[in-house]
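J.: Structure in structure tokens, see below.
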Amino acid sequence: MERREFISTLGAAATVLAASSAFAEEAATHANHSHPPKYKALAESASKCVLDGNNNLRHCYGMVSMNDTSMAECIKLTHDTIAACSALESLAAVNSPSTPAMAKVVEAICLACKKECDKFPQYSECVAMGASCKSCAEECHKITA
């Protein structure tokens, strides 16, 4: 390698290192000024409600398939809870300004669902759904209070 090639290569390497440092500094700056989740606990509790709601629906549909309609109201309330909590989770995940208004609605839906779930303490799916509804309603209340 001739002296001229060596100097050119050295200059290119210095440029790459300087650019790398600048990119790293910019990335660190963006990391420090990111947009943190404002409603993280609310989104997580709404997500849990959806998961437990789907498990509860599976159980309720199984009961109906055995000609037991005692959980008909539970099916309706669980369906509403899943739909409402899915919407709330989506809004909360992106820090939507509509989150508090939706949380107020979801709180009422979750409390109604929990009340129905409490009628069936013999079924683990209902107990889990009731607990998720209670937790989600509490998180909703924190946002709307």
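The values are calculated or read from the model by the stated rules, or taken from the named source; none is laboratory data. In this text, all values refer to a predicted model and were calculated from it rather than measured experimentally. Virtual Cβ from ideal backbone geometry, glycine too; neighbours counted across all protein chains shown.
J.: Quickly run through segment 29-63 and pick out the residues that are β-branched (Val, Ile, Thr) and either in contact with a Cys (Cβ under 7 Å, 6 or more places away or on another chain) or at pLDDT 95 or above (or both). Even if it seems obvious, please write down each step before you answer.
T.: At the first step, the residues of segment 29-63 found to be β-branched (Val, Ile, Thr) are 29, 50.
Residue satisfying the conditions is VAL50 alone.
J.: Applying the selection to segment 91-145, what residues are in a loop (DSSP other than H, G, I, E, B) and either touching a helix residue (DSSP H, G or I) at 6+ places or on another chain (Cβ under 7 Å) or over 18 Å from HIS79 (Cα atoms) (or both)? Reasoning before the result, please.
T.: So the first thing to find is which residues in segment 91-145 are in a loop (DSSP other than H, G, I, E, B), and the list is 94-98, 118-123, 145.
Within segment 91-145, VAL94, ASN95, SER96, PRO97, SER98, ASP118, PHE120, PRO121, GLN122, TYR123, ALA145 meet the criteria.
J.: Starting from segment 94-116, keep only residues that are touching a residue at least 12 places away in the same chain (Cβ under 8 Å) and closer than 11 Å to ALA84 by Cα, then list their pairs with residues that are in a helix (DSSP H, G or I) and basic (Lys, Arg) whose Cβ atoms are within a distance under 9 Å, requiring at least 6 positions of separation or different chains.
T.: ALA103/LYS142; CYS110/LYS134
J.: Out of all the residues in segment 64-71, is one or more over 17 Å from LYS142 (Cβ atoms) and either under 10 Å from the mean Cα position of the chain (by Cα) or assigned to a helix (DSSP H, G or I) (or both)?
T.: If we filter segment 64-71 for residues that are over 17 Å from LYS142 (Cβ atoms), which is where we start, we get 64-71.
Now narrow it down to the ones that are either under 10 Å from the mean Cα position of the chain (by Cα) or assigned to a helix (DSSP H, G or I) (or both): 64-65.
So far as segment 64-71 goes, yes, one or more of its residues are over 17 Å from LYS142 (Cβ atoms) and either under 10 Å from the mean Cα position of the chain (by Cα) or assigned to a helix (DSSP H, G or I) (or both).
J.: Hey, among ALA92, ALA83, ALA101, ALA145, which residue is under 20 Å from GLU44 (Cβ atoms) and modelled with pLDDT under 95? Working first, answer last.
T.: Numbers: ALA92 fails: modelled with pLDDT under 95; ALA83 fails: modelled with pLDDT under 95; ALA101 fails: modelled with pLDDT under 95.
Only one candidate passes the filter, namely ALA145.
J.: Could I ask something else about it? Residues THR99, THR78: which one is of a type outside the set (Asp, Glu) and closer than 26 Å to PRO37 by Cα? Working first, answer last.
T.: On the way: THR78 fails: closer than 26 Å to PRO37 by Cα.
Exactly one residue qualifies, and that residue is THR99.
J.: Report, by residue number, each residue of segment 92-106 that is out of contact with any Phe, Trp or Tyr (no Cβ under 7 Å at 6 or more places or on another chain) and either surrounded by fewer than 22 Cβ atoms within 10 Å (Cβ to Cβ) or not assigned by TED's automatic domain parsing to the domain that holds GLU139 (or both).
T.: First, pick out the residues of segment 92-106 that are out of contact with any Phe, Trp or Tyr (no Cβ under 7 Å at 6 or more places or on another chain): 93-94, 96-98, 100-106.
Scanning segment 92-106 gives ALA93, VAL94, SER96, PRO97, SER98, PRO100, ALA101, LYS104, VAL105.
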